[in-house]
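As structure tokens, the structure follows; a few thoughts come after it.
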Amino acid sequence: MSLVDGSSDSSADMKSRSPGPDEPEPPRKKRSTVPEPPEDREPLLPSAGDPAPEADPASAPPHKANHAPSSLPLRCCCPPAAGGSIARCCHGGAKMAALAYNLGKREINQHFSVRNAKLLALGAALLVSACHAVFWGLSSHAGDDTCGYLISSGRFLGENVWQPYTCMMHKYKSSDATSCLRNQRVTFVGDSRIRQLFFAFVKILNPHVKEQGIKHENIPFEDDDHNIRVDFLWYPEVNGSMKQCFHTLIESPSSKPQIVVAGAATWSIKMNNGSAESLAQYKVNLTDVEPFLGKLADTSDVYWMLQDPVYEQLLADSRRMITNTRIDAYNEIAAAILNGTNRKSRSKIKIFSVSRLISEETIEQSLDGLHIPETSRDISAMILMNSYCNKILKPIDGSCCQPTPPLTLIQKLAACFFALSIGAYVAISVIQRNRHRKNKMCTDIESGEEKKPASVTPAASTLEVALFSFAKLGLIMAYFYFCDRANLYMKENKFYTHSSFFIPIIYILVLGVFYNESTKETKLLNRDQTDEWKGWMQLVILIYHVSGASSFLPVYMHVRVLVAAYLFQTGYGHFSYFWLKGDFGIYRISQVLFRLNFLVVILCIVMDRPYQFYYFVPLVTFWFMVIYGSMALWPQITQKKANANNIWYFGLVLKLGFLLLCIYVLSRAQDSFEKIFSLWPISKLFELNGEVYEWWFRWSLDRYAVFHGMLFAFIYLALQKYQVLFEGKGEPLFSTKVSNVLLFFSVVCFLTYSIWASSCKNKTECNEMHPSISVVQILAFVLIRNIPGYARSVYSSFFAWFGRISLELFICQYHIWLAADTKGILVLIPGNPMLNIIISTFIFVCVAHEISHITNDLAQIAVPKDMSALTKRLLCIASFFFILLFLAAVQH
């Protein structure tokens, strides 16, 4: 299952950071009884286009801020702690070390900026793209593709887990296999090893089939329900009988198989005691058989199995002559005759050589040294199934043998739009540059002297900003498409190991602790802290995705809490904003919805994905509208109104109670829920593969998390209003005794939940309990993080940097870090997994950061504050979606 993030902030730092209009936050109380209203900012979003802090993250990497002055007094030599006073040193060596430290830090900050990192990422993306294009260009000229690599090369990721070179292999189940082979016929021709492969293939169709039948005779298998027939024909030697067999298959149109798998050699070696004459005769016979195989390959998929190695130590005396040296000689002849090694050949016969690589690793598990272990032949059978069925069923996680999908009408129109944007921006830039050159040095005709015009660069117009943003976005979307829709880059399956998950977790934890700063605001869940919270949760989820850790239930259950925590922040942040600010205007709604959905809508168009595919964005969007409806519908209750008359507090409690009741009723009425969201046009937003079940499942997993966040915000703001909390720098949140007791119980609750989650044995049962009890660990974490004053006074700038682009990180990972819609891993550097993950991650993070800036720029244009202009923009957006729905209906 693919987990995502959403996020939220709480009360924020209004002085140190210029909040964006999409980010509501709880207030920061001065020493007065009534807290001041928050800035207009959106805490619950995963920082969709967050405005930057004072130091723009586009010009500073996620490292510690340099608090050192431009020059240090000679007596002050030790680098100061973040936010602390400068330590005094007492010897010259320390002075020199401190000076070098601060100068070096400024030098690094000057040259290693995010802007330079993005340029480096652009260069890396262009370089690897060129290398892959050349590689596939050469392979395509030779008639090779991912299907060729599937049946010829690969490696083991772990025990019994095979990874083909360049592509992903789908694990076929009985339902998939029978759907693919309905009304088809498959024929296996050969010796006992081919018979083994036959049974492994049949077991994919019907796992209950037993290996039985007379060994040296033909064995049929039929599935009458799906009209599938699979035959094994006993022809252990390449001779006239085998040639006649293929001739019969060619001449019988009614029973001509769609798949033919053949191979033989060990019987020839055994019956002739491995003689040279036998090898020569094998060459003659296979040469006679080859034309029939070629003719059969005109209408069928024909695979010739090269001989697997043997384990000579276990061979019986009667088989001692079957050595690996002789097997290799027979394989060389077969490959030469059938053109498997001639890269200029156009032969349609497919040489199945990958089984040799598989058997080299597993042949020691053979019972007799000759016959292949069960696990190896199961892998070979699955490769055969992928080779034939992937192009028919087109499974998401089976990229092998799948052609590039054709562009839809909407994708073509999107490509034209981005191309026009790039062309228009280039044209405007050229015109302005020429105009600037003409005006650079103007001559005063009267005096005959040259004078320079004012060197003030005019502000870019709205059109220029829009064109520049769409031009950059167009290039980025091209990268998205080539990564996950075209076959330019390679893809690999995930393989989970404990080390692949926990070692990166430890690594980022060390970095997060190392890059710590003093926060400028010490309120509970202040802006720096919530950015940090979003950041480390997003990084954990990214590692969870790329490592395939969902297969390990304890990790899965803990990540489920992280998703619930994002929704908790959503409820907390939006409720706080509406409660304190009382702003229910259309401008507010438009900004939040734009920032949340802009990138997803673009990707739905470019990548041809349904909206519900990016499930967390629809989820957060839905809950935002629920919170808005709960607070905006009559009677509108805000803190200002409640302060004037305490009866409104009771009214708000009733509203929250009614919301909880509605959530509970919908959670118990799945049929009603699905009927509601199956109505057009709502269904267009929440359907996935024509059903709304996935939406129901995602909604129900964390259905109470948003309510818990709203309730927590209400209680917290009430306690803050009555000055029950002590939120000064270094102060515990409550009195010392109460703080110690709460801290103790929080630690106990946190550990208790972790123990329970780690002991889960059944995912379904644990998922049923999760919505009600996940709040225990969330609240425990909030209290542990905020009760001690010293913990509330610092934050990790490393995690906070990632937290500000968490929405973009979540969405972008689908296509430019992972692959095949998160089912696999994108491979930019084949053959070196460590280097690959470093390069792909670097590009991925830079792209996500740039998209956050593009979203922020376009939000200012698409959602202006002027009501008249906003109304026109909304009409244009509504028209755009109407056209989009019309085109989607036409192309389907």
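Ignoring ligands and nucleic acids, what accessible area does Val626 show with a 1.4 Å probe (Å², nearest 10)?
Surface open to solvent at Val626 totals about 40 Å².
With unit charges on the beta carbons (Lys and Arg positive, Asp and Glu negative) and the dipole taken about the Cα centre of the stretch 225-319, which residue among Ala262, Asn273, Met242 sits farthest to the positive side?
Of the candidates, Met242 comes out farthest on the positive side.
Quick one: ranking Asp608, Asp225, Asp191 by accessible area, 1.4 Å probe, largest first, what do you get?
Numbers: Asp608 60, Asp225 135, Asp191 0 Å².
Heavy-atom accessible area, descending, gives Asp225, Asp608, Asp191.
What does the extension gain come out to for Ala130 and Ser754, with contour length at 0.36 nm per residue minus their alpha carbon separation?
219.9 nm
Please report the net charge: other residues with Cβ closer than 13 Å to the Cβ of Asp397, K and R +1, D and E -1. If you can, show how the numbers build up before the last one.
Details: positive: Lys171, Lys173, Lys394, Lys491, Lys494, Lys823; negative: Asp176, Asp484, Glu492, Asp821.
Residues close to Asp397 contribute a combined charge of +2.
Whole-Hz Karplus ³J(HN,Hα) for the stretch 665-675, in order, using 6.51 cos²θ - 1.76 cosθ + 1.60 and θ = phi - 60°, x for Gly and Pro?
Here the 3J(HN,Hα) series is 5, 5, 5, 9, 10, 4, 4, 5, 4, 5, 5 Hz.
Taking amide hydrogens as modeled 1.01 Å from N in the peptide plane, which residues meet the under 5 Å criterion relative to Phe352, leaving out close sequence neighbours?
Sorted by chain and number, the residues that satisfy this are Trp304, Met305, Leu306.
Can you tell me the FRET efficiency between Ser179 and Ser255 if r is taken as the Cβ-Cβ distance and R0 is 25 Å, rounded to the nearest 0.05?
Calculated value: 0.70.
What does the accessible area per residue of the stretch 720-776 come to in Å², with a 1.4 Å probe and no ligands, DNA or RNA counted? Mind showing how you got there, number by number?
Values: 3440 Å² over 57 residues.
Accessible area per residue: 60 Å².
Please state the Cα pair-distance histogram of the stretch 257-392 with 5 angstrom bins from zero: what percent is in each bin?
2, 10, 19, 20, 20, 16, 10, 3, 1, 0
To one decimal place, what Kirkwood hydrodynamic radius in Å is obtained for the stretch 361-430 from all pairs of distinct Cα atoms?
Radius from the Kirkwood sum: 16.6 Å.
Pull up all non-local amide H partners of Gly824: gap of 5 or more, or a different chain, and H-to-H distance under 5 Å with H placed in the peptide plane.
Amide H to amide H, under 5 Å and 5 or more residues apart or across chains, Gly824 pairs with Ala819.
Taking the Cβ of Gly274 as the centre, find all other residues whose Cβ is under 11 Å away and add up their charges (Lys, Arg: +1; Asp, Glu: -1).
Details: positive: Lys270, Arg319, Arg320, Arg326; negative: Glu277.
Overall, the nearby charge balance is +3.
Using the Karplus curve 6.51 cos²θ - 1.76 cosθ + 1.60 with θ = phi - 60°, work out ³J(HN,Hα) for each residue of the stretch 218-223 in order, rounded to whole Hz, and write x for Gly and Pro.
5, 10, x, 9, 9, 10
In terms of solvent-accessible area of protein heavy atoms at a 1.4 angstrom probe, what is the ranking of Thr462, Thr325, Thr621, Thr497, highest value first?
Largest to smallest exposure gives the sequence Thr325, Thr462, Thr497, Thr621.
Please give the length that would be gained between Glu217 and Phe744 if that part of the chain were fully extended, namely 0.36 nm times their separation in residues minus their C-alpha to C-alpha distance (nm, one decimal).
Extra length available between Glu217 and Phe744 comes to 182.3 nm.
Using a probe radius of 1.4 Å on heavy atoms only, what accessible surface per residue do you get for the stretch 264-388? Whole Å² is fine.
Per residue, the stretch 264-388 has 46 Å² of solvent-accessible surface.
What are the ³J(HN,Hα) couplings of the stretch 401-406, residue after residue, when phi is run through the Karplus curve with 6.51, -1.76, 1.60 and θ = phi - 60°? Round to Hz, x for glycine and proline.
Computed from phi, the couplings for the stretch 401-406 are 6, 9, x, 4, x, x Hz.
Could you rank Arg320, Arg326, Arg195, Arg435 by how accessible they are, 1.4 Å probe, largest area first? List each step's numbers first, then the result.
Numbers: Arg320 115, Arg326 80, Arg195 30, Arg435 145 Å².
Result, largest first: Arg435, Arg320, Arg326, Arg195.
Let me check against my output: what whole-number percent is the relative contact order of the stretch 499-618, with C-alpha pairs under 8 Å and at least 6 apart?
Result for the stretch 499-618 is 16 percent.
Write out the GluC sites (Glu not before Pro) in the stretch 194-283 meeting two conditions: DSSP loop, and at most 16 other Cβ atoms within 10 Å of their Cβ.
Within the stretch 194-283, the qualifying GluC sites (Glu not before Pro) (loop, at most 16 other Cβ atoms within 10 Å) are Glu211, Glu217.
With both partners inside the stretch 219-356, how many of the DSSP beta bridges are antiparallel, as a percent to the nearest 5?
40 percent
Arrange the peptides 868-881, 197-210, 530-543 so that the one whose residues have, on average, the most other Cβ atoms within 10 Å appears first.
530-543, 197-210, 868-881
Taking H placed 1.01 Å from N in the peptide plane, check which residues at least 5 places from Gln163 or on another chain put their amide H under 5 Å from its amide H.
Arg155, Phe156, Leu157
Between Ile861 and Ala419, how high is the FRET efficiency from 1/(1 + (r/R0)^6) when r is the Cβ-Cβ distance and R₀ = 25 Å? Nearest 0.05.
Efficiency at R0 = 25 Å is approximately 0.75.
How much length, in nm to one decimal, is gained on full extension between Leu874 and Val284, taken as 0.36 nm per residue of separation minus their Cα-Cα distance? Before the final figure, lay out the partial values.
Numbers: separation 590, 0.36 × 590 = 212.40 nm, distance 7.64 nm.
Contour length minus the Cα-Cα distance gives 204.8 nm.
Accessible area per residue, 1.4 Å probe, Å², for the stretch 609-698: what's the number?
Here the residues of the stretch 609-698 average 54 Å² of exposed surface.
Which whole-number percent gives the relative contact order of the stretch 176-317, counting Cα pairs below 8 Å spaced six or more residues apart?
27 percent
For the stretch 784-892, report the convex hull volume of the alpha-carbon atoms normalised per residue, in Å³, without decimals.
Measuring per residue, one finds 206 Å³ for the Cα hull of the stretch 784-892.
The values are calculated or read from the model by the stated rules, or taken from the named source; none is laboratory data. All values reported here derive from a predicted model rather than from experimental measurement. Using ideal geometry, Cβ is built from the backbone for each residue, glycine included, and neighbour counts are taken over all protein chains shown. Note: areas computed on protein heavy atoms with side chains; ligands, DNA, RNA excluded. Shrake-Rupley method; radii C 1.70, N 1.55, O 1.52, S 1.80 Å.
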